[in-house]
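Asks: Attaching a single structure in structure tokens format; questions to follow.
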Amino acid sequence: MPTLTPEMVPGLVAGGASCRMDVDVAPKFKVGDTVKARDINPVSHTRLPRYIRGRTGRIARDHGVFAFPDTSAASGTHCDPQHVYSVRFEGSELWGNHANANACVYIDLFDDYLDSA
Amino acid sequence: MAHDHAHNAPPSETAMRVKALETLLTEKGLLDPAAIDALVETYETKIGPRNGAKVVARAWTDPDYKQRLLEDGSAAIAELGFSGVQGEDMVVVENTDDVHNLVTCTLCSCYPWPTLGLPPIWFKSAPYRARSVIDPRGVLEEFGVELSDDIEVRVWDSSAELRYLVLPQRPAGTEGLSEDELAALVTRDSMIGTALVEAPAS
């Protein structure tokens, strides 16, 4: 591994490291589809927050194909590419009677977190 | 009292841990400590919310740019040169008369560094992360933003790979201002969604 030097900092900061993957993967869902987040409870890394698990929402936008963090975190390389969607969950679906009036949550979810509902 | 610590107190546990890590990385030849100084200087003086304010002011004054920004945030922000680490894939969401947007990250502290800099402490705090999704209106009220119930509140939980920037509403009475003058009105919090942009006092 090379030594990190001050000269390398501007390039690193400006370049970044996108998790987007330029591969052709078919989406499992399309905008407008109703989906239910899986009730998974792994002890390893996941980006599916507990408050979303088992809840039903609607696909609002397809962001394209990204590495899947749950497997990438374990392997150390970008892998398992799949579509990420912005999914809209109504406040009442997440929080029942405690929901704020006229409020919702949009969250980015991977194909492997979702089933058709 | 400006100080809340004694000058002869030992450094905090966190500070000592950071020092130990830096020493180890340096001794193993992985790090020139000057690189740390360069990184700190970058986020203290070059990269921060003034970048995002320029994006907002451009969107307010250039309808074509605004359209590109809302369709493909990453590309439109790159036009102004504010790309990079933790801003690789950007989404911009627009506040309107009917919709108010609020950004959070319930799992950690995901935040658009190239346009807003490093996140404020409260953005990373457990209370903000927990309450922003279940009681956004209550959180907004604590920030001094009171919204009527007919305005939809959209909370954006940026827990995956996309980073979010709020395009706040341009305040009334700013028609005569230049792009630079408009940018000066735009606050960091207005681009997270915990504030509105105020018109300048006349």
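The values are calculated or read from the model by the stated rules, or taken from the named source; none is laboratory data. From a predicted model like this one, the values you see are computed outputs, not experimental measurements. Cβ: placed from backbone, ideal geometry, glycine included. Neighbour counts: every protein chain shown. What goes into the accessible areas is simple: the full protein's heavy atoms, side chains included, and nothing from ligands, DNA or RNA. Shrake-Rupley method; radii C 1.70, N 1.55, O 1.52, S 1.80 Å.
Asks: Could you name every one of the helices (runs of 4 or more DSSP H) located completely within region B:1-117 that has at least 2 residues being more than 11 Å from chain A (Cβ to nearest Cβ)?
Replies: B:13-27, B:49-61, B:63-71, B:73-79, B:113-116
Asks: Go through (1) under 19 Å from the mean Cα position of the chain (by Cα); (2) at positive phi for B:Leu167 and report which single condition fails.
Replies: That leaves (2) as the condition not met.
Asks: Across region A:1-41, what is the number of residues that are out of contact with any His (no Cβ under 9 Å at 6 or more places or on another chain) and more than 10 Å from chain B (Cβ to nearest Cβ)?
Replies: Summing the residues that are out of contact with any His (no Cβ under 9 Å at 6 or more places or on another chain) and more than 10 Å from chain B (Cβ to nearest Cβ) in region A:1-41 gives 15.
Asks: Separate question: Which residue, of B:Val197, B:Val155, is outside the structural domain of B:Met90 (by TED's automatic domain parsing) and hydrophobic (A, V, I, L, M, F, W, C)?
Replies: Working: B:Val155 fails: outside the structural domain of B:Met90 (by TED's automatic domain parsing).
Exactly one residue qualifies, and that residue is B:Val197.
Asks: Filter region A:68-110 for residues that are among the β-branched types (Val, Ile, Thr) and open to solvent by less than 60 Å² (accessible area, probe 1.4 Å); which is nearest to A:Asp24 (Cα to Cα)?
Replies: Going through region A:68-110, the residues among the β-branched types (Val, Ile, Thr) turn out to be A:71, A:77, A:84, A:87, A:105, A:107.
If we keep only those that are open to solvent by less than 60 Å² (accessible area, probe 1.4 Å) too, we end up with A:71, A:84, A:87, A:105, A:107.
Working: A:Thr71: 19, A:Val84: 13, A:Val87: 21, A:Val105: 29, A:Ile107: 23 Å.
Selected residue: A:Val84.
Asks: Taking the condition of being more than 10 Å from chain B (Cβ to nearest Cβ), hydrophobic (A, V, I, L, M, F, W, C) and open to solvent by less than 20 Å² (accessible area, probe 1.4 Å), how many residues in region A:42-67 meet it?
Replies: 2
Asks: Within region B:134-161, track down each residue that is within 7 Å of chain A (Cβ to nearest Cβ) and assigned to a helix (DSSP H, G or I).
Replies: Within region B:134-161, B:Ile134, B:Pro136, B:Arg137 meet the criteria.
Asks: Next question, about the same structure. With the requirement that a residue be surrounded by fewer than 21 Cβ atoms within 10 Å (Cβ to Cβ) and more than 15 Å from the chain's Cα centre (by Cα), what does region B:49-73 give you?
Replies: Result: B:Arg58, B:Thr61, B:Asp62, B:Pro63, B:Asp64, B:Tyr65, B:Lys66, B:Gln67, B:Arg68, B:Leu70, B:Glu71, B:Asp72.
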